[in-house]
Amino acid sequence: MSSSSMAPPARPPPPPSGAPPPMRKASSSLDLSQLPSVKDGSCKTTAEELLKRRKTCRFIEEAGRQLKLPQVCKATAMVLFHRFYAKHSFAQHDRFEVAVACLLLAAKTEESPRKLNVVLQECYRLKHQGRNTAGSAIGGKSPLHGNVAGMLSASSSPSHGLVPPLDPKGEEFVKLKERILLLERVILHTIGFELSIDHPYKFLVDLVKRLGRQLEHVPKLGAPIPLSGKLTNELVQYAMNFANDSMHTTLCLQYPARIVAMGCVYLSGQYCKIRPQSGKSWLEALGDITVEDLTSVSLQIMELVAEKRGPSADPKTDPFAKVKADLELMRQAKRSGSTTVPSPKRPRIN
């Protein structure tokens, strides 16, 4: 069954002109303890379940890079993977084979198809070689978290050196091909043939364009200055990097891509020393997001990044400590009924 021959399901009609999109309910409804792999004991803890997701997403990231797939294709594959294992247990299907099937489906969906034999050979080599994956950032590593990937953990012991390719006519290759083709159909049925997937990328670009004149850069010395074209591009780039990182989490199961995009722009602004003008908080500038959702999205991405970076040598210079402090100020402002954070108390990133 080929996904390219299926018409995407009809989307609901857009809201009336000028009407804002509905506000997302605060806090995610996803209960990690109810994920199939946790419920059936395949994973003893939710942390173990999330770790397996992250490792497999790194596999998808690196396989997509080796196959020269566009970033949106790799992102679609990861969303398909997360959705599949929201309904199935890791004990039911080999998660690396599911990842291969997700890559094939995503490549077709995003109009970047790759030959099945090429994908199988590359993924087989990568899985058994256990090499380090490249960073999740578009266009290279982010100075914030560098290489966010780690050593792949395959279901079998990785071998060192070159891995000989499978014989296309051999029994092992034929059986692997059959399993992957079957998994494609299983995935399609699991996700209800919903192949139209939104990603944070387009939303965050639109958001930065909308906020451009409302933002200012806070240099180490001197007064705040309006954003230049270079600073705007930097804001978008780091937001893209955070969006890539978000794909390794279950955020795509918890929130619409638009909400995740807002969290990515917020984190990017904090790292780039960019903030809203006139003493406004980021919550007020972003608009259609609750402080609970902004906090949840930001913390989940920061936890993923912090895991790769390791503990900060000096907590005073840890940018995440400043982000958490800013989020707490916004929560306090909400409790007091104000959306504006007093300027003197706003933390600046040194």
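The values are calculated or read from the model by the stated rules, or taken from the named source; none is laboratory data. Keep in mind the model is a prediction, meaning the values are calculated, not measured. Here the Cβ is made from the backbone with ideal geometry for all residues, glycine too, and neighbour counts use every protein chain on show. Heavy atoms of the whole protein, side chains included, go into the accessibility calculation; ligands, DNA and RNA do not. Shrake-Rupley method; radii C 1.70, N 1.55, O 1.52, S 1.80 Å.
Just a few scattered comments:
- Residue selected from region 268-288 under the condition part of a loop (DSSP other than H, G, I, E, B) and at negative phi, by the criterion most open to solvent (accessible area, probe 1.4 Å): 280
- Among the conditions (1) buried (at least 21 other Cβ atoms within 10 Å of the Cβ); (2) within 20 Å of the chain's Cα centre (by Cα); (3) of a type outside the set (Ser, Thr, Tyr), the only one that residue 256 does not satisfy is (1).
- Candidates are the residues of region 178-197 that are open to solvent by 60 Å² or more (accessible area, probe 1.4 Å) and at pLDDT 95 or above; the one that is farthest from the chain's Cα centre (by Cα) is 178.
- Filter pass, residue 232 being open to solvent by 10 Å² or more (accessible area, probe 1.4 Å), part of a loop (DSSP other than H, G, I, E, B), in contact with a helix residue (DSSP H, G or I) (Cβ under 7 Å, 6 or more places away or on another chain) and at pLDDT 90 or above: no
- Condition check for residue 122: acidic (Asp, Glu), surrounded by 12 or more Cβ atoms within 10 Å (Cβ to Cβ) and at pLDDT 95 or above: no
- Residue within region 92-99 that is aliphatic (A, V, I, L, M), open to solvent by less than 20 Å² (accessible area, probe 1.4 Å) and not in a helix (DSSP H, G or I) present: no
- Checking each residue in region 199-223 for being surrounded by fewer than 15 Cβ atoms within 10 Å (Cβ to Cβ) and assigned to a loop (DSSP other than H, G, I, E, B) picks out 219, 220, 221, 222, 223.
- Against the criterion of being open to solvent by 50 Å² or more (accessible area, probe 1.4 Å), under 19 Å from the mean Cα position of the chain (by Cα) and at pLDDT 95 or above, residue 72 qualifies.
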